[in-house]
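Below is one structure, written out as structure tokens; the observations come after it.
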Amino acid sequence: MKDPSGPRQFATTHWSLVDAAKPDEASQTRAREALEELCRAYWYPLYTFVRSRGYSAADAQDLTQAFFARIIETGGFASADRRRGRFRSYLLGAMKHFLANEWHRAQTQKRGGQVQFVAWDALDLEARYAGASKQSDNPEYLFDREWALETIAGALHKLREEMVQAGKSEQFDTLKGTLTGQEESPREEIAARLGISEGAVKVAVHRLRQRYRKLLRAAIAETVSNEADLDDEMRYLVAVLRGQ
């Protein structure tokens, strides 16, 4: 049986969501679901980009919501071509075009109508944005950085779910610092906490890192069209997080 997080056919998840969001699809229910999935995956990186372009918090929320709503209402993904490569770059370009042609700026009611894909009031957006904006005043860099952080968070979430299902939630919580660059506890302390040998800790850390990398590559593979782009995106993700 093939590992679902290993090498896969490219252009599956995110580009397939683009296909489903096209208005000529038979199932409009699926189109709506596709939009919601895309929104959940990219709303905060795009919100950060819009916010850093000088829009107020309320306008940035409204415009990010409207961006996704307008796409599905007007078939804005109809011209998307998965062969062009990185979905991240395509989506950012689409947002730039949307803002440049934002004739409805003063028509708040029309920005996505009454549709709300994210419970904005439940999110401490400004506190999070304040932290992000300290990193740079470059909107595109902030978008890429939040994309990288969201991608990593998604991979960690999936890894934790796997460990919980395997009955190893304590092991994950104890060792996750080895994945995120946090300061690690002494190996003997970890071994005592988990009730295993130091050698077993070393093996567990190695396996956890391997699995995390596979899940991270799988997540990025969903957004590119070929192996070369996948490797480039992996390197770029690391560079962005290092501030290079």
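Restricting to the range 119-170, give me the number of residues that are part of a loop (DSSP other than H, G, I, E, B), acidic (Asp, Glu) and surrounded by 14 or more Cβ atoms within 10 Å (Cβ to Cβ).
Our first condition is that a residue be part of a loop (DSSP other than H, G, I, E, B); within the range 119-170, this holds for 119, 123-124, 134-138, 166-168.
If we keep only those that are acidic (Asp, Glu) too, we end up with 124, 137.
From the residues that got through so far, the ones that are surrounded by 14 or more Cβ atoms within 10 Å (Cβ to Cβ) too are none.
Here the count works out to 0.
Of the conditions (1) touching a helix residue (DSSP H, G or I) at 6+ places or on another chain (Cβ under 9 Å); (2) among the small types (Gly, Ala, Ser); (3) over 29 Å from TYR90 (Cβ atoms), ALA219 clears all except one; give me its number.
Every listed condition holds for ALA219 apart from (3).
If a residue has to be touching a Lys or Arg at 6+ places or on another chain (Cβ under 9 Å), crowded, with 21+ Cβ neighbours inside 10 Å and of a type in the set (A, V, I, L, M) to count, how many in the range 35-62 make the cut?
Total meeting the criteria: 1.
When the residues of the range 176-218 are narrowed to those that are in a loop (DSSP other than H, G, I, E, B) and among the polar types (S, T, N, Q), which ends up farthest from the chain's Cα centre (by Cα)?
So, considering only residues that are in a loop (DSSP other than H, G, I, E, B) and among the polar types (S, T, N, Q), the one farthest from the chain's Cα centre (by Cα) is SER197.
One line per residue, one yes/no per condition, for (1) among the hydrophobic types (A, V, I, L, M, F, W, C); (2) modelled with pLDDT of 90 or more:
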residue	(1), (2)
GLY167	no, yes
GLY181	no, no
SER185	no, no
ALA191	yes, yes
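Of the conditions (1) under 30 Å from ARG217 (Cα atoms); (2) at pLDDT 85 or above, LEU63 fails just one. Which one is it?
(1)
Going by what's in this entry, would GLU73 be described as at pLDDT below 90, over 19 Å from TYR236 (Cβ atoms), in contact with a Ser or Thr (Cβ under 9 Å, 6 or more places away or on another chain) and part of a helix (DSSP H, G or I)?
Values: at pLDDT below 90: yes; over 19 Å from TYR236 (Cβ atoms): yes; in contact with a Ser or Thr (Cβ under 9 Å, 6 or more places away or on another chain): no; part of a helix (DSSP H, G or I): yes.
The answer is no for GLU73.
Counting only residues that are farther than 18 Å from PRO139 by Cβ and part of a loop (DSSP other than H, G, I, E, B), which one in the range 222-243 is modelled with the highest pLDDT?
ARG242
May I ask you to verify whether ARG128 is among the charged types (D, E, K, R) and touching a helix residue (DSSP H, G or I) at 6+ places or on another chain (Cβ under 7 Å)?
Details: among the charged types (D, E, K, R): yes; touching a helix residue (DSSP H, G or I) at 6+ places or on another chain (Cβ under 7 Å): no.
Considered against the rule, which asks whether it is among the charged types (D, E, K, R) and touching a helix residue (DSSP H, G or I) at 6+ places or on another chain (Cβ under 7 Å), ARG128 comes out as no.
The values are calculated or read from the model by the stated rules, or taken from the named source; none is laboratory data. Being a predicted model, the structure only gives us computed values, none of them experimental. Cβ sites come from the backbone with ideal geometry, for glycine too, and all protein chains shown count toward neighbours.
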